[in-house]
Amino acid sequence: MKTLISFKYEPRYVELNEKGILRDRVEILRQILNDCTLCPRNCHVNRNLGRKGKCRVGKELIISGVHPHFGEENCLVGTNGSGTIFFASCNMNCIYCQNYEISRFKRGEIVTVETLAESMLFLQRIGCHNINLVTPTHYVPQIVEAIEIAVKKGLRIPIVYNCGGYESVETLKLLDGIIDIYMPDIKYSDNFYGLRYSGVPDYWDVVREAVKEMWRQVGDLKIVDGVAVKGLLVRHLVLPNNIAGSEKVFEFLANEISKNTYVNIMAQYRPCFNAYLKPELARRITPQEYSEAVKLAIKFGLSRIEISSWYGIF
Ligand code: SF4
């Protein structure tokens, strides 16, 4: 089956492969694993020898699922689905993670980069509009190697980097031209909450620099025939008691990124995993909390907002 993107979009990773740049990037990224600084945790462990840092994986590559996903943003899902690949473990420790079996308990299978490449080609073959890499941060070297293998065998659909936003700018620079769509969360606008609920000390400082670098590479989200092909798509999950700090998030996006930033304001928070240990997180959000967040985005001039209409507020 052919992808339904009806115009010619050729991802830049094709050109990077032809010029040998993908191979160079794989080499550099593999080296980084000797003294891992792939993400801002900067663990400095030798993952090529099997040592594990804060993400709890050594040299192995663990995948927990490969399938078309119809629950992502409409512009990723299109008609045939977003070609989702879930990676096990995570470089953050969100106490309310709804995928905690995957992110904490590493549910999944150890696979080779060749298998990962075949998974990408399979998703393209069944008509998915993109390859949606979920929680890819700690596997960037293996992912780039798999893309290199897959592109030689005909991979041509956009790659989505679907992450928690806790990213190293240096690693992102090594993804320049490889990733078509960056889809980071912006979880909090206060380092205090990042530490309290996700176990990272500098989330707000890190995510702003990461999002600036992502936007520098790909710009505002470009949607053609209803399907996203390139750009930045930010997810912001509204949390109870204004823990997500939505006002500062939207102010940052409008004033330091672009008023055309595509933002999915998400209402589906529910207390999962260990959220019940924190009373302030142990409930869903109210309709008032959600509509307040949307009003703030509008106040700062953001115009490309995806809202959760299913929530019955608007
Ligand atoms: S990818 Fe893992 S080992 Fe490497 S710096 Fe991040 S948390 Fe540490």
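The values are calculated or read from the model by the stated rules, or taken from the named source; none is laboratory data. The structure presented is a predicted model; accordingly, all values stated were derived computationally and were not measured. Positions of Cβ are backbone-derived with ideal geometry, glycine not excepted, and every protein chain shown enters the neighbour counts.
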Picking from Leu33, Leu38, Leu22, the residue that is in contact with a Leu (Cβ under 6 Å, 6 or more places away or on another chain) and either within 15 Å of the ligand (Cβ to nearest atom) or in contact (Cβ under 8 Å) with a residue 40 or more places away in the chain (or both) would be Leu22
- Item | Condition check for Ala244: under 20 Å from Cys94 (Cβ atoms) and surrounded by 23 or more Cβ atoms within 10 Å (Cβ to Cβ) | yes
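Would you check if Ser308 is under 30 Å from Tyr9 (Cα atoms) and either surrounded by fewer than 21 Cβ atoms within 10 Å (Cβ to Cβ) or acidic (Asp, Glu) (or both)?
yes
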The one condition Asn80 fails out of (1) in contact (Cβ under 8 Å) with a residue 60 or more places away in the chain; (2) in contact with a His (Cβ under 7 Å, 6 or more places away or on another chain); (3) surrounded by fewer than 16 Cβ atoms within 10 Å (Cβ to Cβ) is (3)
Restricting attention to region 71-93, does a residue exist that is out of contact with any Lys or Arg (no Cβ under 6 Å at 6 or more places or on another chain), within 16 Å of the ligand (Cβ to nearest atom), closer than 25 Å to Asp202 by Cβ and of a type in the set (Ser, Thr, Tyr)?
no
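From the list Gly58, Gly53, which residue is assigned to a loop (DSSP other than H, G, I, E, B), over 18 Å from the mean Cα position of the chain (by Cα), surrounded by fewer than 20 Cβ atoms within 10 Å (Cβ to Cβ) and within 16 Å of the ligand (Cβ to nearest atom)?
Unique residue meeting the criteria: Gly58.
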Exception for Asn17 within (1) surrounded by fewer than 18 Cβ atoms within 10 Å (Cβ to Cβ); (2) more than 16 Å from the ligand (Cβ to nearest atom); (3) outside any loop (DSSP other than H, G, I, E, B); (4) not small (Gly, Ala, Ser) falls at (1)
Note: among Phe86, Phe70, Phe7, just one is modelled with pLDDT of 95 or more, farther than 20 Å from Pro184 by Cβ and aromatic (Phe, Trp, Tyr), namely Phe70
Residue pairs qualifying under the 7 Å Cβ cut-off, at least six apart or on distinct chains, with the first in region 135-149 being within 8 Å of the ligand (Cβ to nearest atom) and the second being among the acidic types (Asp, Glu), are Thr137/Glu167
Review point. Hey, any hits in region 90-104 for a residue that's out of contact with any helix residue (DSSP H, G or I) (no Cβ under 6 Å at 6 or more places or on another chain) and either within 27 Å of Glu18 (Cβ to Cβ) or among the charged types (D, E, K, R) (or both)?
Key: yes
When region 97-110 is checked residue by residue, the ones that are within 12 Å of Phe86 (Cβ to Cβ) and outside any loop (DSSP other than H, G, I, E, B) are Glu101, Ile102, Ser103, Glu109
Ile159 vs (1) in contact with a His (Cβ under 9 Å, 6 or more places away or on another chain); (2) among the aliphatic types (A, V, I, L, M); (3) within 28 Å of Thr112 (Cα to Cα): all pass except (1)
Over region 247-298, the set of residues of a type in the set (Phe, Trp, Tyr) and crowded, with 16+ Cβ neighbours inside 10 Å is Phe250, Phe252, Tyr262, Tyr269, Phe273, Tyr290
task = With the condition kept exactly as written, say whether any residue in region 290-308 is over 23 Å from the mean Cα position of the chain (by Cα), small (Gly, Ala, Ser) and closer than 22 Å to Glu72 by Cα.
result = yes
